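Q: Before I ask anything, here is the structure I am working with.
The values are calculated or read from the model by the stated rules, or taken from the named source; none is laboratory data. Not measured: the values here are computed from a predicted model. Here Cβ is always computed from backbone atoms with ideal geometry, including for glycine, and neighbour counts include all displayed protein chains. Accessible surface areas use protein heavy atoms only, side chains included; no ligands, DNA or RNA. Shrake-Rupley method; radii C 1.70, N 1.55, O 1.52, S 1.80 Å.
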Amino acid sequence: QVQLVESGGGLVQAGGSPRLSCAASGRTFGGYAMGWFRQAPGKEREFIATINWSGLSTYYANSVKSRFTISRDNAKNTLYLQMNSLKPEDTAVYYCAAARGPAYSTNAHGYDYWGQGTQVTVSS
């Protein structure tokens, strides 16, 4: 089994650049594709970014492309989301997720394990 714990959220000003982390425990983290999702109040969970098992392939939602960067350190069992130029509309609970296989997906149904989420609130 894989357990995921997000951290790094909190209250930030617009334009801020926090980095979220997702610490994974369990076996074979290096073989899992990983993703970041977020859910704002009153909205459905939306895809943000994903990365394949090796970290060589990434894919981003248009809303965050060129502002967010997903990366992973398999030796540390950690996934990262570097967020730049935050906007108030980025306010949401951010979740990391892991898929059993190496291929990434933009669909939440493609992931098998989820973290508890970390709140990111962007003030004006």
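Q: Per residue, what accessible area does the chain have, given a 1.4 Å probe and all protein chains present, in Å²?
A: On a per-residue basis, the chain sits at 51 Å².
Q: Still on this model: For the stretch 81-97, just list the computed ³J(HN,Hα) in residue order, Karplus coefficients 6.51, -1.76 and 1.60, θ = phi - 60°, integers in Hz, with x standing in for Gly and Pro.
A: Taking θ as phi minus 60°, the curve returns 9, 7, 10, 10, 6, 4, 10, x, 6, 7, 4, 4, 8, 9, 10, 9, 8 Hz for the stretch 81-97.
Q: Considering only the other residues whose Cβ falls under 14 Å of the Cβ of ARG27, what net charge follows from Lys and Arg at +1 and Asp and Glu at -1?
A: 0
Q: Would you mind computing, in nm to one decimal, how far apart the modelled labels at LYS76 and GLU46 are, each placed 7 Å from Cα along Cα→Cβ?
A: In this crude spin-label approximation the distance works out to 2.9 nm.
Q: Based on the mean of other beta carbon atoms within 10 Å per residue, what is the order of 30-36, 3-9, most packed first?
A: Result, highest mean first: 30-36, 3-9.
Q: If you don't mind, there's one more thing I want to ask. Quick check: at a probe of 1.4 Å, how many percent of the accessible area of the chain sits on carbon and sulfur atoms?
A: 48 percent
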